[in-house]
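A.B. asks: One structure, as structure tokens, below. Some questions next.
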Amino acid sequence: MSTIAQQHTSTFSVQDLELKLKQVRLAHPEQSLPSPPSSDSGLSSPAESQNEESYFLRSLKECLDIYEEPSRPRSESLSLLSDEEVIMLANNGNIAAYALEKLFGMDQLERAVRIRRAIISRASSTGTLESSSIPFENYDYSRVLGACCENVVGYIPIPLGVAGPLTVDGKQYPIPMATAEGTLVASTSRGCKALNAGGGVTTVLVGDGMTRGPAIDFPSAIQAGKAKAWIDSDDGHEILREAFESTSRFAKLKSLKTAIAGRTLYVRFATTTGDAMGMNMISKGTEKALEAMQKRFPEMVVLALSGNYCTDKKPAAINWIEGRGKSVVAEAVVPGHVVKTVLKTTVKDLCNLNVKKNLMGSAMAGSIGGFNAHAANILTAIFLATGQDPAQNVESSMCMTLMEPTGSNGEDLLVSVTMPCIEVGTVGGGTVLAPQQGVLDMLGIRGAHPQQPDQNAQTLARIIASAVLAGELSLLSALAAGHLIKAHMAHNRSQANTPAVSVPATPGAGLAYRV
Ligand code: ADP
């Protein structure tokens, strides 16, 4: 009867195996290594499974010799080592855990992830990662490598729901929402139903320009002022435009906004970016433009390509006022009877609540661009589903929700959202990942638009604004209806549809209060 050790290598005995396991246990007392299989376990070849391989840990020296064999590429050498042996080399400092994909090559990307999980897991105090329920198998890591994430140990699935469909500019779209917030999809769907009943949402794109705002130091405020005047002149603008636009056929410089603080000059470049969200594109263009400027102003020092005058992923009034990415208004009329039957409230109560909460409440709180109920909820769920940069929800969620009565007797509701900074793309970034591409396919806007580069990204922005409109309408209605229900309970249980709430009463003359 042949032993497993004999099958593995002619120079390897069971005694050797037990000795090695002892060594490993001594070296890694925290690890729970499997017991060696009994000699009659019937396993044919240790190379057949990773578990079996792990029983046959060669010495560090043997592994190093295999790994460093100069006649072979590293990826080939690594395929001769078991996972446990690679982990041993990594723990010994011979292999950097972050570089596993590069060393393994494109056909062993999942193995690289599996090994990294083990290395990190065993170095952590909890030791749970390796056997955790964080999935890592059957994922196309080739799309991640060098583009989306480093030190990958798996991926995080988020439930994907679909609200709607919602009619946007005459076309029906399912609204994809990746979220773990219960009721969000259902509530947005209710808003879609109410909006569809009135004929759907109409959108208008009022601006499209991604921005980058470098910080440039000059020796003195006078020199910074001269540079500002040059950029603001036709000559300066033209030189910068030419350099900027040489970097991409999609990048057309739309504006340059300059501002000075002391001897530091800020320039806000704004550009079209085709179907890309555009941060990479605009960074390249800005860099080139600054090179052209440096020729004219050799004394200038570019402190940072992003001097926070952009402003990316941080709250800033400049975005709210000037816009960033796609600036969209989405508008709809909801018939009064739909407000009653679907949204269970009244036009009057909705309008009152919108003013008091979204406009006045946010003004009282000193908000910038937060004149809405929960735009970020809907926007972020769609961002996650479609591969957008979720950190850009900071400015992309800026939104003013407006409601007013319309129709001959004010019986219907005119509702809109104004969103000046929807930063989205359908090429680049997380949109290269297969699941996210599947979602973009569902919307018919994956990748570059074949005829007009920018149409896919703009359509996505219009869909997002329209879905936000649905979410706003539904939540505001729920709040208004809740208020109504409470009022009805207090005032008259039998007349559940009588809205008798929040009626202003003006005190008569002489009734002014002292406070
Ligand atoms: P971002 O600029 O949003 O960070 P990437 O740089 O990752 O995005 O992707 C943009 C790349 O895609 C550019 O290299 C650009 O040349 C290419 N591209 C191809 N088609 C388009 C398109 N329709 N719109 C924008 N970029 C496109």
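The values are calculated or read from the model by the stated rules, or taken from the named source; none is laboratory data. Source: prediction; values computed, not measured. No Cβ is skipped: glycine too gets one built from the backbone with ideal geometry, and neighbour counts run over all protein chains shown. Just the protein is used for accessible areas: all its heavy atoms, side chains included, with ligands, DNA and RNA removed. Shrake-Rupley method; radii C 1.70, N 1.55, O 1.52, S 1.80 Å.
A.B. asks: Given the conditions (1) touching a strand residue (DSSP E or B) at 6+ places or on another chain (Cβ under 9 Å); (2) within 25 Å of Gly198 (Cα to Cα), report the number of the one that Ser362 does not fulfil.
C.D. replies: The single condition Ser362 does not satisfy is (2).
A.B. asks: Of the residues in the range 211-240, how many are without any contact (Cβ under 8 Å) to a residue 40 or more places away in the chain and under 34 Å from the mean Cα position of the chain (by Cα)?
C.D. replies: 1
A.B. asks: Search the range 285-311 for residues being aliphatic (A, V, I, L, M) and under 16 Å from Thr247 (Cα atoms), and hand back the single one that is most open to solvent (accessible area, probe 1.4 Å).
C.D. replies: Looking at residues that are aliphatic (A, V, I, L, M) and under 16 Å from Thr247 (Cα atoms), I get Leu305.
A.B. asks: Is it the case, given these coordinates, that Gly425 is open to solvent by less than 20 Å² (accessible area, probe 1.4 Å) and at positive phi?
C.D. replies: no
A.B. asks: If only one of Glu242, Glu238, Glu181 is surrounded by fewer than 16 Cβ atoms within 10 Å (Cβ to Cβ), within 23 Å of Asp389 (Cα to Cα) and among the acidic types (Asp, Glu), which one is it?
C.D. replies: It is Glu181.
A.B. asks: Quick one: how many residues across the range 344-376 are β-branched (Val, Ile, Thr) and open to solvent by less than 50 Å² (accessible area, probe 1.4 Å)?
C.D. replies: Within the range 344-376, residues that are β-branched (Val, Ile, Thr) and open to solvent by less than 50 Å² (accessible area, probe 1.4 Å) number 3.
A.B. asks: From the set of residues in the range 441-460 that are open to solvent by less than 60 Å² (accessible area, probe 1.4 Å), out of contact with any Gly (no Cβ under 7 Å at 6 or more places or on another chain) and among the aliphatic types (A, V, I, L, M), which is farthest from the ligand (Cβ to nearest atom)?
C.D. replies: Among those residues, the one meeting the criterion is Leu443.
A.B. asks: Out of the residues in the range 129-147 meeting the condition of being open to solvent by 80 Å² or more (accessible area, probe 1.4 Å) and assigned to a loop (DSSP other than H, G, I, E, B), tell me which one is farthest from Gly105 (Cα to Cα).
C.D. replies: Ser133
A.B. asks: While we're here: List every residue pair whose Cβ atoms lie under 7 Å apart, where the two residues are 6 or more positions apart in sequence or sit on different chains, the first residue falls within the range 450-478 and is more than 27 Å from Val427 (Cβ to Cβ), and the second residue, located anywhere, is open to solvent by 50 Å² or more (accessible area, probe 1.4 Å) and at pLDDT 95 or above.
C.D. replies: The qualifying pairs are Ser474/Arg190; Ser477/Lys344.
A.B. asks: So which residues in the range 159-172 are surrounded by 13 or more Cβ atoms within 10 Å (Cβ to Cβ) and in a loop (DSSP other than H, G, I, E, B)?
C.D. replies: Matches in the range 159-172: Asp169 only.
A.B. asks: Return the pair list, or none, for Cβ contacts closer than 8 Å from residues in the range 268-295 that are more than 8 Å from the ligand (Cβ to nearest atom) to residues that are among the β-branched types (Val, Ile, Thr) and in a helix (DSSP H, G or I), at least 6 apart or on different chains.
C.D. replies: Arg268/Ile318; Phe269/Ile282; Phe269/Thr286; Thr271/Ile282; Ala292/Ile239; Met293/Ile231; Met293/Ile239
A.B. asks: With respect to Gly93, determine if the residue is open to solvent by less than 50 Å² (accessible area, probe 1.4 Å) and over 18 Å from Pro157 (Cβ atoms).
C.D. replies: It is false that Gly93 is open to solvent by less than 50 Å² (accessible area, probe 1.4 Å) and over 18 Å from Pro157 (Cβ atoms).
A.B. asks: Okay, moving on. Does Ala194 satisfy the condition of being open to solvent by less than 10 Å² (accessible area, probe 1.4 Å) and in a helix (DSSP H, G or I)?
C.D. replies: Yes: the conditions hold for Ala194.
A.B. asks: Quick one: is Met210 within 16 Å of the ligand (Cβ to nearest atom), open to solvent by less than 60 Å² (accessible area, probe 1.4 Å) and hydrophobic (A, V, I, L, M, F, W, C)?
C.D. replies: In short, yes.
A.B. asks: Could you check, for the range 251-262, whether at least one of its residues is more than 30 Å from the chain's Cα centre (by Cα) and crowded, with 16+ Cβ neighbours inside 10 Å?
C.D. replies: The answer is no; no qualifying residue exists.
A.B. asks: Any residue in the range 161-169 that is within 20 Å of Ser477 (Cβ to Cβ) and among the acidic types (Asp, Glu)?
C.D. replies: no
A.B. asks: Considering only residues that are in a helix (DSSP H, G or I) and farther than 18 Å from Gly164 by Cβ, look in the range 422-440 and name the one that is nearest to the ligand (Cβ to nearest atom).
C.D. replies: Checking each candidate, the answer is Gly429.
A.B. asks: Which of (1) more than 11 Å from the ligand (Cβ to nearest atom); (2) over 23 Å from Ala194 (Cα atoms); (3) open to solvent by less than 40 Å² (accessible area, probe 1.4 Å); (4) part of a helix (DSSP H, G or I) does Thr380 not meet, given it meets every other one?
C.D. replies: It fails just one condition, (2).
A.B. asks: Okay, next question. Here are some residues: Val439, Val415, Val432. Which one is modelled with pLDDT of 95 or more, out of contact with any His (no Cβ under 7 Å at 6 or more places or on another chain) and within 29 Å of Leu350 (Cβ to Cβ)?
C.D. replies: Val415
A.B. asks: Next question. Of the conditions (1) closer than 15 Å to Met277 by Cβ; (2) open to solvent by 20 Å² or more (accessible area, probe 1.4 Å), Leu402 satisfies every one except a single condition; which number is it?
C.D. replies: (1)
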